[in-house]
Amino acid sequence: MNRTTRIRVLIGLVLLTLNLRAAITVMSPVLGDLQGSFGLSGSAVSVLATLPILCLGVFAPLAPPVSRRIGVELTTVGALALITAGILLRLLPSTPALFAGTVLAGAGIAIGNVLTPAIIKRHFADRTGLFTGLAMTLMALSGAVAAGTAVPLEEAADWRTALAVWALPAILALPVWGALALHGRTRRESAPAHPSRTPHASLLRSPLAWSVTAFLGVVSLMFYVLVAWLPAIMRDHGYDAADAGTMVSVMLTVGIPLGFAVPVWAARLCDQRPLVLAVIVLKLVSLGGLLVAPGADWVWVCLLGLATGSAFPLAMTLLTLRSPNPLIAARLSGMAQTGGYLVAGAGPLAIGLLHSLTHSWNGPLLLLLALAVPETLFGLVSARPGCAGPGDGHPVSPRTPPASSREGIDGEQSVPGALQAEADSFCLVPVDAARAVVVDGGHPDPGPGRTEPGKRGRARGWSG
């Protein structure tokens, strides 16, 4: 890939990630206005708050097969079109349009979420941590700005203006990805065909893939619960609507620097478990503080920002670090975000119903504290060195193969098939267990086309 194409993809990545949070975070500060304008019941408001997260899980499985069929770039164009259409549809004075627009925007964000790690793995494999950090930073920044400006825009104009503003980044991104789609189609038509050597064994038999899925699910559940209900918690603590909305914005803003730093740190470590433990400690302190010392709410909100600003980027980085190539990255991302967001989608609804039953926020906060236990367990498993694959085998190095040996997301090779063996050596899904490569002095036959570990220097790990 030449430098010009790389720059175009970088611009596209920036514009794409600016659209993957704002349409969701802008909703919570204006839920009261939406309830009044449309005459929604409390249950309907809870459903509206939960719907975007459920969409992230329901529509995530579409991204890998669609991108293999029509290409990643064109799939991204479709995702951006859905986000734009969904935001604009929500502006109509119709309750069905409000819910339908939320579904469309959620579908577009779901597809964009899945494709982002795969795009990074495909085009920036030599700088995975850096570009994952950039993507997470831009997602957090747009989410924070959307939450922080929602009430001021609503007060200056109306809630429709607060929502409509966030159609602009999607509209700007459409021509950029349209040009990339045209370029990608031309390149694929002119390139010689090479059969894909990437195994298509199901990740459903991978314990590591399930651990990553569960970790992302709990992390996302906590994040979206806080985005949806922190304003209500703060209003119950005596703050007005503007201050409560500002607190959400502060929580998101405080985590922005860590959203960039954590992926870079994680990519440089062979073992990310210390980062998982640090995130858990921050969550326990901040949630416990909201429960027992509400007078210091601003302190706890800032600590929550550090915790959530680290946890979600770490979970997204693990999707890339636990994948041997872009195709597996897209499949693992689709699996993890499907299961993870379906779990997360139940969070805001469950927390809202629990509050309705108890008329207190103590029960919901205690439930969030209890969720730190599974988050710790699944996080520690996910953070161990290894690559996802059926059975997962033994740990392997998480380091990324050279860009020259990468395979495209849709199964197309970016180089002749002879070079794929080099990429295979980083992490494999064995077709025949009897031919699995044993490392560090192992002796089984590595199979045709593969050099024994001793002849290539230190072997990097087991087939996974």
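The values are calculated or read from the model by the stated rules, or taken from the named source; none is laboratory data. This one's a predicted model, so the numbers in the text were calculated from it and none came from an experiment. Cβ: placed from backbone, ideal geometry, glycine included. Neighbour counts: every protein chain shown. The protein model used for the area step is the full one, side chains on, heavy atoms only, and it has no ligands, DNA or RNA in it. Shrake-Rupley method; radii C 1.70, N 1.55, O 1.52, S 1.80 Å.
Counting the residues of the stretch 147-168 that are under 13 Å from P29 (Cα atoms) and assigned to a helix (DSSP H, G or I) gives 13.
With T320, T338 as the choices, which residue is among the β-branched types (V, I, T), at pLDDT below 85 and closer than 29 Å to P65 by Cβ?
On the way: T338 fails: at pLDDT below 85.
Sole residue among the options that is among the β-branched types (V, I, T), at pLDDT below 85 and closer than 29 Å to P65 by Cβ: T320.
Determine if the stretch 28-35 includes at least one residue that is within 22 Å of the chain's Cα centre (by Cα), on the phi < 0 side of the Ramachandran plot and acidic (D, E). No; the residues of the stretch 28-35 include none that is within 22 Å of the chain's Cα centre (by Cα), on the phi < 0 side of the Ramachandran plot and acidic (D, E).
Within the stretch 269-300, can you find the residues that are of a type in the set (G, A, S) and touching a residue at least 40 places away in the same chain (Cβ under 8 Å)? Answer for the stretch 269-300, where residues must be of a type in the set (G, A, S) and touching a residue at least 40 places away in the same chain (Cβ under 8 Å): just G288.
Residues satisfying the criterion are absent from the stretch 58-71 (criterion: modelled with pLDDT under 85 and touching a Pro at 6+ places or on another chain (Cβ under 9 Å)). Of the numbered conditions (1) open to solvent by 50 Å² or more (accessible area, probe 1.4 Å); (2) touching a Gly at 6+ places or on another chain (Cβ under 9 Å); (3) under 22 Å from A146 (Cα atoms); (4) not in a loop (DSSP other than H, G, I, E, B), V58 fails exactly one; give the number of that condition. Among (1) open to solvent by 50 Å² or more (accessible area, probe 1.4 Å); (2) touching a Gly at 6+ places or on another chain (Cβ under 9 Å); (3) under 22 Å from A146 (Cα atoms); (4) not in a loop (DSSP other than H, G, I, E, B), V58 violates only (3). Here the stretch 1-34 is the region considered, the condition is being of a type in the set (A, V, I, L, M), open to solvent by 10 Å² or more (accessible area, probe 1.4 Å) and in a helix (DSSP H, G or I), and the residue that is farthest from T116 (Cα to Cα) is L31. Selection of first residues in the stretch 301-318 that are farther than 16 Å from S211 by Cα and of second residues that are open to solvent by 10 Å² or more (accessible area, probe 1.4 Å) and among the hydroxyl-bearing types (S, T, Y), restricted to Cβ pairs under 8 Å at least 6 apart or on distinct chains, gives the following pairs, ordered by first then second residue: G305/T253.
Against the conditions (1) assigned to a helix (DSSP H, G or I); (2) open to solvent by 10 Å² or more (accessible area, probe 1.4 Å); (3) free of Cβ contacts under 8 Å to residues at least 40 places away in the same chain, P64 satisfies every one except (3). Would you say L314 is part of a helix (DSSP H, G or I), in contact with a Leu (Cβ under 8 Å, 6 or more places away or on another chain) and more than 21 Å from I119 (Cα to Cα)? Against the criterion (part of a helix (DSSP H, G or I), in contact with a Leu (Cβ under 8 Å, 6 or more places away or on another chain) and more than 21 Å from I119 (Cα to Cα)), L314 does not qualify. Every condition in (1) open to solvent by 60 Å² or more (accessible area, probe 1.4 Å); (2) within 18 Å of the chain's Cα centre (by Cα); (3) at pLDDT 90 or above is met by I111 except one, and the failing one is (1).
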